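Note sheet for the following structure.
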2 protein chains.
Amino acid sequence: MQYFPPALENLVEHFAKLPGIGLKSAQRLAFHVLSLPEEEASAFAQAILEAKKVIHCCPVCQNLTEGEGPCAICASQKRDRSTVCVVADPKDVVAMERSREYGGVYHVLHGVISPMNRVGPDDLHIRSLVERVAAGGVAEVIMATNPDTEGEATAMYLSRLLKPFQVKVTRLAYGIPVGSHLEYADDATLMRALEGRREI
Amino acid sequence: MQYFPPALENLVEHFAKLPGIGLKSAQRLAFHVLSLPEEEASAFAQAILEAKKVIHCCPVCQNLTEGEGPCAICASQKRDRSTVCVVADPKDVVAMERSREYGGVYHVLHGVISPMNRVGPDDLHIRSLVERVAAGGVAEVIMATNPDTEGEATAMYLSRLLKPFQVKVTRLAYGIPVGSHLEYADDATLMRALEGRREI
């Protein structure tokens, strides 16, 4: 049975399809959009269309970018092209950049290998990574996938794939997060932190 | 500092302005929209524009409706126009209709009187309610605002306003919600349930 006007019902359905948004939240969001000033609402709609239109993957690193050609990081003369950091997601590039520590370039896989979710190597940007390394000029590939089972497995898979190219493959260090407490660290993290201990 | 492409940043900002959506959720939603097929994303944008364009308030009851003239409920020949149920919000009309018990018409205030949020009687659709009652043909006005302080105060204010028109003003009954347990009912509800007890 139809309780809302069809146009409102339709908007609610679109919101309800978004991840983590249930029917009640979708209704609240749709009502909010209705209460927006005309120009706000159309700017929102425009932002969706615009983002879909102009954003694409960088042909070099597969990170999200706008406009023609490679992304700002790949195009920058200041970045060290001999070091490639492999991440699962564009959000991870943002996290790495926030640290202001890394001066190399990236490669975004857009996911991790996950048999449970039917994501195989061919569903990720792995071939372009291999081609990049095969083309030469890359000295080190840093695996920066998440430290969970799937991230680990993906890193292992890639390191084996890249072995023939005589490139150094490294992994981000495991350990106690800065600012946290030892007593809250889980066993696996503590074990890794102990394994990776360094002289001071 | 800019980490995402501007078009993506812009979309994230629009999502972050929605109620209950923080920055992290907004990023997740924006990435989800980017991952949608072209036609899905443009249908979403279209749904926003369409809803803003075609939905307006019914000239009689102020409920949300599409197209010309009064809403489906006000236009229906089956509804009893002598009974008007006053609710705060279009969502409350949906809740009332869901019960399939009510055969009268509605009046949607679009809010409640709330000095804390600077909402006064002039910010609500109160004048049109008074005019409706003054025009005659209304025998009973049922106050169905929420049973909280502001809903109560609004109902009291309206009942005083409507008194000169010799119309019966009633209030939805308070009591134990059906299917709930006595032990979980709060004191105020129990007191009201006791006050409103009826012979069986």
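What the table shows:
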quantity: DSSP-assigned coil residues among GluC sites (Glu not before Pro) in the range B:96-131, each with at most 11 further Cβ atoms within 10 Å; calculated: B:101
quantity: Of A:91/B:24; B:52/B:91; A:53/A:78; A:17/A:52; A:52/B:17; B:91/B:168, pairs whose Cα-Cα distance is over 21 Å; calculated: A:53/A:78; B:91/B:168
quantity: Surface accessible to a 1.4 Å probe, per residue, for the residues of the range A:75-200, Å²; calculated: 66
quantity: Total accessible area lost when A and B pair, probe 1.4 Å, Å² to nearest 100; calculated: 4600
quantity: Cβ charges +1 (Lys, Arg) and -1 (Asp, Glu), total dipole of chain B, debye; calculated: 560
quantity: Over chain A: helical MRE at 222 nm, DSSP H runs n ≥ 4 each giving -39500 (n - 2.57), nearest 500; calculated: -12500 deg cm²/dmol
quantity: Accessible surface of the range A:102-182, 1.4 Å probe, proportion on carbon and sulfur as whole %; calculated: 57
quantity: Top positive-direction residue, dipole computed over chain B with Cβ charges, set B:128, B:73, B:177; calculated: B:128
quantity: C-alpha long axis of helix A:23-35 to longest principal axis of chain A, angle in °; calculated: 70
quantity: Between the range B:85-120 and the range A:9-46, the alpha-carbon center distance in angstrom; calculated: 21
quantity: Rotation relating B and A, chain A residue nearest the axis via C-beta, angstrom; calculated: A:45, 2
quantity: Longest segment of chain B lacking trypsin sites (Lys or Arg not before Pro) that sit in a DSSP loop with at most 11 other Cβ atoms within 10 Å; calculated: B:119-196
quantity: Under DSSP loop assignment and at most 15 Cβ neighbours within 10 Å, longest chymotrypsin sites (Phe, Trp or Tyr not before Pro)-free interval of chain A; calculated: A:4-173
quantity: Electrostatic dipole magnitude of the protein assembly as shown [Cβ: Lys, Arg +1; Asp, Glu -1; Cα centre; debye, to 20]; calculated: 80
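The values are calculated or read from the model by the stated rules, or taken from the named source; none is laboratory data. Source: prediction; values computed, not measured. Because the Cβ atoms are built from the backbone with ideal geometry, glycine has one as well, and the counts that use them run over all protein chains shown. Remember, those area values only see protein heavy atoms, side chains included, never the ligands or the DNA or RNA. Shrake-Rupley method; radii C 1.70, N 1.55, O 1.52, S 1.80 Å.
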